[in-house]
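Let me begin by presenting the structure, written as structure tokens, before commenting on it.
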Amino acid sequence: MSGERFRSLTSWFFSRRVLTVLAAWVVLSGLGTWRHHKRWIEYNASDSWTVVDSMLHVLVLPGWVAAKVTGGHYNAVYSLHWAIIVNTIGFGMIGAGYLVASGVSRRLSAWLQEITCTQSESVDVDRRSLLRAAPELALVAGGGGLVYTTLIEPAWIHVRRHDVPIAGLPSEFDGLRVLQITDTHRGPRVTASFIAEAVRLGLAQEPDLAVLTGDYVHQGAKFIEESAALMAPLARAVPTVGVLGNHDWYAGSRRVRGALSAHGVWMVDNDRCFMQTRNTLSHDAGGLCIAGVGDLLEDDVEPSAAFAGVGRDVPRLLLSHNPDVAEMRELRDHRVDLMLSGHTHGGQVSLPLIGAPGVPSRYGQKYSKGLVDGPSCRVHISTGVGMSVAPFRFGVPPEINVLTLVKA
Ligand SMILES: [Fe+2]
């Protein structure tokens with residue numbers, strides 16, 4: 001290496017820009033590792049850090065995906081050495097990307113200066129300034145996107161309403177307001193105060209019946225009792241019926257079911273109850289049947305058990321955490337007036353024109369969200385309250401739902 005080249009490299013390395021990036025890399029890698037350790041390994045992070053931790057996680061998310069793929073095990077996220085590797089490489093890549101973009105924009109600016117030397121000086125200066133600032137503008141835009149997807153949209157809860165006509169609905173239940181709350185995912189990503197707010201908002205809709213379609217808890221048993229207690233105000237105020245989701249099974253299905261039952265939620269996995277009047281639930285057949293099936297991924301799905309002994313003329317709601325159940329042949333042997341599901345979170349990201357690129361369903365975007373016609377019944381899929389694997393939402397804000405049953 002020539003002396004001049006070495007001097008130029010040295011002066012670049014010790015420039016304020018490069019030293020700032022190096023300092024930021026060290027600080028952010030340390031911060032990211034520490035926060036990851038607190039939240040996912042010690043499993044003891046405060047709710048007040050939830051959004052910061054989500055942001056740090058998103059910034060190095062490609063690293064976590066790579067760790068899970070190349071690490072040979074799904075649980076790389078719970079390992080300290082993977083946390084160090086992913087955060088160091090992840091923030092290093094962001095810093096390196098910024099420095100490369102910075103160098104490219106400076107060269108392009110110099111090139112623009114050469115080819116536009118015949119144009120007016122002011123236009124030339126404006127263009128070159130914009131070009132040189134492009135990497136910083138990209139950082140600001142990326143930061144804005146990060147704040148929107150991790151802080152603003154996940155907290156922007158919506159109330160979505162639908163009227164659902166049901167043939168043969170007894171006059172007593174005409175106009176019955178069914179509140180659906182699903183996928184609250186109490187755990188490292190979703191705070192108790194946010195779920196409590198969703199429940200408060202739900203009660204403000206003055207429902208006659210509340211249905212909970214699973215995934216109350218996320219990752220581990222620590223949050224089981226709290227996730228169930230958060231539903232208690234609902235169960236105290238209105239008849240409340242629920243089924244389990246796949247994440248409840250991961251945490252411990254018996255404990256989740258027991259905790260919810262203890263707080264007044266009538267659990268109907270492969271079972272049913274009936275609403276004889278607007279205010280009460282009962283074992284006695286008649287009125288409106290509210291049945292449920294087990295989770296498609298972790299439990300048995302048994303429509304015959306769910307509807308055992310229910311007369312064909314009795315209108316039925318079916319709770320199924322996973323909407324793919326709508327496509328099962330076994331379901332076609334039974335009358336279902338409305339199936340209520342969650343699980344998909346609407347894909348959590350929905351892009352204009354494309355829609356949701358990743359929906360956890362065998363049927364693509366068909367059951368991602370909203371009211372959908374299945375082969376044998378209508379299905380309502382709520383995008384849910386919380387978040388699952390990915391700590392962000394874009395174009396799919398959290399929601400609770402009010403479905404008004406009307407006599408067809
Ligand atoms: Fe979920």
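The values are calculated or read from the model by the stated rules, or taken from the named source; none is laboratory data. No experiment lies behind these values; they were computed from the predicted model shown. Note: ideal-geometry Cβ built from the backbone for every residue, glycine included; neighbour counts use all protein chains shown.
Values as computed for the structure displayed
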| quantity | calculated |
| --- | --- |
| Per-region count, region 335-362, residues more than 19 Å from the chain's Cα centre (by Cα) and either part of a helix (DSSP H, G or I) or surrounded by fewer than 24 Cβ atoms within 10 Å (Cβ to Cβ) (or both) | 4 |
| Number of the condition not met by P170 [criteria: (1) in contact (Cβ under 8 Å) with a residue 60 or more places away in the chain; (2) farther than 30 Å from V199 by Cβ; (3) surrounded by 13 or more Cβ atoms within 10 Å (Cβ to Cβ)] | (2) |
| V372 vs. criteria assigned to a strand (DSSP E or B), in the same structural domain as R177 (by TED's automatic domain parsing), away from the ligand (no atom under 16 Å from the Cβ) and under 20 Å from G202 (Cβ atoms) | no |
| Residue within region 114-133 that is under 30 Å from A408 (Cβ atoms) and surrounded by 16 or more Cβ atoms within 10 Å (Cβ to Cβ) present | no |
| Helices (runs of 4 or more DSSP H) within region 1-99 that include 2 or more residues among the aromatic types (F, W, Y) | 3-13, 16-36 |
| Unique match (being touching a strand residue (DSSP E or B) at 6+ places or on another chain (Cβ under 8 Å) and either crowded, with 16+ Cβ neighbours inside 10 Å or more than 30 Å from V77 (Cα to Cα) (or both)) among R257, R236 | R257 |
| Residue count for region 316-333, restricted to those that are crowded, with 21+ Cβ neighbours inside 10 Å and either part of a loop (DSSP other than H, G, I, E, B) or away from the ligand (no atom under 16 Å from the Cβ) (or both) | 8 |
| Residues of region 227-279 satisfying the condition of being in a strand (DSSP E or B) and in contact (Cβ under 8 Å) with a residue 60 or more places away in the chain | V241, G242, M275, T277 |
| Unique residue being more than 30 Å from G103 (Cα to Cα) and touching a residue at least 60 places away in the same chain (Cβ under 8 Å) when the list is S29, S48, S54, S79 | S54 |
| Checking I400 against (1) in a loop (DSSP other than H, G, I, E, B); (2) under 15 Å from the mean Cα position of the chain (by Cα), the condition it does not meet | (1) |
